[in-house]
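Here's the structure, in structure tokens; my notes come after.
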Amino acid sequence: MKEPIRIVPMNAEHLDELERLERICFSRPWSRRMLAEELDNACAAFLVAQDDDGTVLGYAGLLVVADEGYITNVAVFPEYRRHGIAGRLIQVFLDFAQANQLAFLTLEVRPSNVAAIALYGGFGFAEVGRRKNYYDLPKEDALIMTRFFQQEEQA
């Protein structure tokens, strides 16, 4: 894979590739329209990882409500996985959360997605609960994983 990886804000030019990535990665993918709506959402930050040629490698989305951060999507094209792309995207969100004094970042992940659970765990996310039958195709619970920031400052 070519270096370096650039992290840029999502824009309308990314939507077709991100819709394709959603269909590859998720059983209930976001549509192009849903992704486009996030471009106008003042509470959302969607980032795209791309190489120097502008090839989309992956992306991630974050919604911020008050002092809470919700990671909505993290996806990397299969041929670019295991190159640190998801980690780079998550690190941007962690840096943002700490700089803006968010209380926590949280996300849901399938219990069967062992690689993602390990990735999030490596960034200090821990399982704090479950959502029963959250996912379809196949039906599966969601693990709720959260990284708290206030506790770190007080420790």
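Details
- Condition met for Ala126 (at pLDDT below 95 and of a type in the set (Gly, Ala, Ser)): no
- Of the residues making up segment 52-74, those that are within 15 Å of Glu38 (Cβ to Cβ), surrounded by fewer than 21 Cβ atoms within 10 Å (Cβ to Cβ) and β-branched (Val, Ile, Thr) are Val64, Val65, Thr72.
- Filtered residues of segment 108-134 (kept if among the hydrophobic types (A, V, I, L, M, F, W, C), out of contact with any helix residue (DSSP H, G or I) (no Cβ under 7 Å at 6 or more places or on another chain) and under 14 Å from Leu62 (Cβ atoms)): Phe125
- Residue tally, condition surrounded by fewer than 16 Cβ atoms within 10 Å (Cβ to Cβ) and either touching a residue at least 40 places away in the same chain (Cβ under 8 Å) or assigned to a helix (DSSP H, G or I) (or both), over segment 75-86: 3
- Applying the condition of being over 20 Å from Leu57 (Cβ atoms) and within 14 Å of the chain's Cα centre (by Cα) to segment 97-107 and asking which residue is surrounded by the most Cβ atoms within 10 Å (Cβ to Cβ) yields Leu105.
- Filter result (in contact (Cβ under 8 Å) with a residue 40 or more places away in the chain and within 13 Å of Val64 (Cβ to Cβ)) within segment 99-118: Gln101, Leu102, Ala103, Phe104, Leu105, Thr106
- Failed condition for Ala42, given (1) assigned to a strand (DSSP E or B); (2) surrounded by fewer than 16 Cβ atoms within 10 Å (Cβ to Cβ): (1)
- Flag for Asn41 being closer than 20 Å to Tyr135 by Cβ and in contact with a strand residue (DSSP E or B) (Cβ under 8 Å, 6 or more places away or on another chain): no
The values are calculated or read from the model by the stated rules, or taken from the named source; none is laboratory data. None of the values given here were measured: they were computed from a predicted structure. For neighbour counting, all protein chains shown are included, and Cβ atoms are generated from backbone atoms with ideal geometry for every residue, glycine included.
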